[in-house]
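The values are calculated or read from the model by the stated rules, or taken from the named source; none is laboratory data. These numbers were taken from a predicted model, which means no experiment stands behind them. For neighbour counting, all protein chains shown are included, and Cβ atoms are generated from backbone atoms with ideal geometry for every residue, glycine included. Remember, those area values only see protein heavy atoms, side chains included, never the ligands or the DNA or RNA. Shrake-Rupley method; radii C 1.70, N 1.55, O 1.52, S 1.80 Å.
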Amino acid sequence: MPYADTEAMQLHIDEISTRLAEGAHAVLLLDRAGWHTTSNLDGPENITPIFLPSRAPELNPVENVWPYLRSNWLSNRVFEN
């Protein structure tokens with residue numbers, strides 16, 4: 001896994017953590033991307049990650065974007081030029 005992805009994720013969760021009201025707690029729903037599940041992340045005490053199950057597009061609608069594009073726009077096309 002590239003270091004930049006892990007570093008970006010760490011910066012992201014640190015920013016969320018600092019923006020929470022004092023005494024508040026956040027829950028992050030995350031897919032199982034490598035930079036979400038790496039042990040190199042230092043999770044703040046005021047954030048709890050909840051990982052979506054693998055291969056569950058009904059829980060993560062973004063996973064439906066590429067199959068939709070492949071079916072409707074990017075496949076079986078004949079261009080004149």
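When the stretch 1-11 is filtered for residues that are assigned to a helix (DSSP H, G or I) and open to solvent by 100 Å² or more (accessible area, probe 1.4 Å), the ones remaining, listed by number, are Tyr3, Leu11.
Of all residues in the stretch 49-73, exactly one satisfies the criterion of being among the polar types (S, T, N, Q) and open to solvent by less than 60 Å² (accessible area, probe 1.4 Å), namely Asn60. Of the residues making up the stretch 32-48, those that are open to solvent by less than 60 Å² (accessible area, probe 1.4 Å) and at pLDDT below 85 are Ala33, Gly34, His36. Of all residues in the stretch 14-42, those satisfying the criterion of being of a type in the set (A, V, I, L, M), over 23 Å from Pro67 (Cβ atoms) and either in contact with a Gly (Cβ under 7 Å, 6 or more places away or on another chain) or not in a helix (DSSP H, G or I) (or both) are Leu20, Ala21, Ala24, Ala26, Val27, Leu28, Leu41. For the stretch 43-81, the set of residues classified as farther than 30 Å from His25 by Cβ, assigned to a loop (DSSP other than H, G, I, E, B) and not polar (S, T, N, Q) consists of Arg77, Val78, Phe79, Glu80, listed by residue number.
Restricting the first member to the stretch 43-55 and to residues that are within 30 Å of Pro67 (Cβ to Cβ), and the second to residues that are part of a strand (DSSP E or B) and open to solvent by less than 60 Å² (accessible area, probe 1.4 Å), the beta-carbon pairs closer than 9 Å and six or more apart or on different chains are Pro49/Leu28; Pro49/Leu30; Ile50/Leu28; Ile50/Leu30; Phe51/Leu30; Leu52/Leu30.
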